[in-house]
Amino acid sequence: MKFVLKLLLIILLSTPLIFIGVVYLSVAQEPIVEPGGSTLSPRDITKAKNLLKQHDPRSLRNGQIKNLILDSKELNLLGNYLINSLNGQLIVTLNDKILKLQSSFQIPPNKLENYLNLSLLAQQNGDLITIRELQIGNLNLPNWISNLIVKQLLLFLQTAEPTRPFSQSLQSVRITDQQLIVRYKWNPDLLHVARKQFISTEEQERLYHYQKRLIKISNQPNLGRKVSLNHYLNGLFNDARKRSDSNNPVEENRAVLIVLGQHLSGHGHRLLFPETAHLHPARKKITLSERHDFAQHYMISAALSAIGDSQLADLIGLQKELSDSNRSSGFSFTDLAADRAGNYLGKVATESEKSARAVQKFFHFHPKETDYMPSVKGLPEGISARAFKTQYGSVNSEQFNQVEKQIQQRLKETAFYTQTENY
């Protein structure tokens, strides 16, 4: 009996020490994936857009089987975007039916170390994927434990309420020589489930509120066919200002930008807000500096930046212009100026409660468009792909950077920038 009690006491006393030891081995002073180690290019963004088009829910039939085929570049693009909000970075490689993943997450500063590093090696064996190596920090897990963890994780995903519908839709996952192939069966209810599970009730209410407000603004009597973006920014941010008396102004501003960006993207509101399907906003041509495309560039970049990735917003704007250089419209630094200005709006509108309130106050006083949209006078536009290559070479050239610096300087000279840069 004494032996049992002694053994139990040893276990109880040693468990915290074991836990501390595991934590100590799991963190490190240096990341195995450096921040910015997996860089994105405009070409990567083009590939991502093409993937989204291929798997656009609006074009899929109920029960349709689709294969999502991803190479290592696309896996890096998708993975880094998804873990960006967690202060994480990853690198994925595919070779000879083996997937290798390395990732680093920056954790809150402490007296030990600052990074959680993860290394994973997975291999396709027949119809099964097995874990050959799993390392967390300096802690190497035996293969049988690694595979047990994965098995339990999959079981959890198949039974947990938030993820069960997605697991049921998944048909198979295969690692080939150079690709990861995810086979799934489309179910239209997944959109509703995703919105319900991954967007909080408060956020759904907030987005729904501003969508109804946007429709109300569009349907105002005596409003012409052509409407300045100012009219929407003033109305929506004034509403956000009032609601911020009892709510977080950052969240209110983010919802405003998402709703307005979604509206100007041309994708309509029914996909994101099925509750408003019976509401029909009057068709308006929303303009900025007398141009509809400027309003689109400005608000879509603002929405992307507000969601949490201003670098991605810049890249998407740049990719759009490079894509246009191969079409009749050509590359336009004027559109790029609208992108950069919108990116700044999204950043400062959601950076802190203080900056969020400053943005609300700015648009409350009916600013002129030139107060937040930099002048585009003299900026080159309509440049063909051949002319762009001849004159600028690439987006990394000194000639291109000179024009970008000029755009940035013009942005800094706007009233909006000078009134918000110190928040």
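The values are calculated or read from the model by the stated rules, or taken from the named source; none is laboratory data. Just so it is clear, the structure is predicted and the values come from calculations on it, not from any experiment. Heads up, the Cβs are rebuilt from the backbone with ideal geometry, glycines too, and the neighbour counts pull from every protein chain shown.
Does ASN222 satisfy being in a helix (DSSP H, G or I) and either modelled with pLDDT of 95 or more or at positive phi (or both)? Taking the combined requirement at face value, the residue does not satisfy it. Scanning segment 173-193 for residues that are at pLDDT below 90 and hydroxyl-bearing (Ser, Thr, Tyr) turns up just one, TYR184.
Do you know which of the residues in segment 102-118 that are surrounded by fewer than 17 Cβ atoms within 10 Å (Cβ to Cβ) and within 24 Å of the chain's Cα centre (by Cα) is modelled with the highest pLDDT? Only one residue fits best here, namely GLN106.
Assess whether TRP186 counts as being within 30 Å of ASP96 (Cα to Cα) and surrounded by 15 or more Cβ atoms within 10 Å (Cβ to Cβ).
Values: within 30 Å of ASP96 (Cα to Cα): yes; surrounded by 15 or more Cβ atoms within 10 Å (Cβ to Cβ): yes.
Criteria met by TRP186.
With out of contact with any helix residue (DSSP H, G or I) (no Cβ under 8 Å at 6 or more places or on another chain), among the hydroxyl-bearing types (Ser, Thr, Tyr) and either in the same structural domain as GLY235 (by TED's automatic domain parsing) or over 25 Å from ARG254 (Cα atoms) (or both) as the only criterion, which of THR390, THR414, THR350 stands out?
On inspection, the qualifying residue turns out to be THR390.
Within segment 350-377, being of a type in the set (S, T, N, Q) and closer than 21 Å to ALA306 by Cα holds for THR350, SER352, SER355, GLN360.
Within segment 160-175, residues that are under 21 Å from VAL92 (Cβ atoms) and among the polar types (S, T, N, Q) reach no partner that is in a strand (DSSP E or B) and at pLDDT below 85 with beta carbons closer than 8 Å at six or more positions or on different chains. Confirm whether LEU94 is in contact with an Asp or Glu (Cβ under 8 Å, 6 or more places away or on another chain) and aliphatic (A, V, I, L, M). So LEU94 passes the test.
Out of all the residues in segment 332-346, is one or more closer than 15 Å to PHE294 by Cα, modelled with pLDDT under 95 and in a loop (DSSP other than H, G, I, E, B)? Looking through segment 332-346, at least one residue is closer than 15 Å to PHE294 by Cα, modelled with pLDDT under 95 and in a loop (DSSP other than H, G, I, E, B). Any residue at all in segment 361-379 that's under 21 Å from the mean Cα position of the chain (by Cα) and either at pLDDT 85 or above or in the same structural domain as GLY88 (by TED's automatic domain parsing) (or both)? There is no residue in segment 361-379 that is under 21 Å from the mean Cα position of the chain (by Cα) and either at pLDDT 85 or above or in the same structural domain as GLY88 (by TED's automatic domain parsing) (or both). Among the residues of segment 70-96, those that are at pLDDT below 80, of a type in the set (A, V, I, L, M) and under 21 Å from ASN114 (Cβ atoms) comprise ILE83, LEU86. Scanning for something under 27 Å from the mean Cα position of the chain (by Cα) and β-branched (Val, Ile, Thr), does segment 119-134 turn up at least one residue? So far as segment 119-134 goes, no, none of its residues is under 27 Å from the mean Cα position of the chain (by Cα) and β-branched (Val, Ile, Thr). Which numbered condition trips up LEU318, out of (1) of a type in the set (A, V, I, L, M, F, W, C); (2) at pLDDT 90 or above; (3) under 22 Å from LEU77 (Cα atoms)? Condition (2) is where LEU318 drops out. Within segment 141-177, the residues that satisfy the criterion of being assigned to a helix (DSSP H, G or I), under 23 Å from ILE69 (Cα atoms) and of a type in the set (Gly, Ala, Ser) are SER167, SER169. In contact (Cβ under 8 Å) with a residue 40 or more places away in the chain, of a type in the set (S, T, N, Q), surrounded by 13 or more Cβ atoms within 10 Å (Cβ to Cβ) and under 26 Å from LYS347 (Cβ atoms): is that true of GLN406 in this structure? The answer is no for GLN406. THR420 meets the conditions (1) under 30 Å from ASN247 (Cα atoms); (2) at pLDDT 95 or above in every case but one. The failed one is (2).
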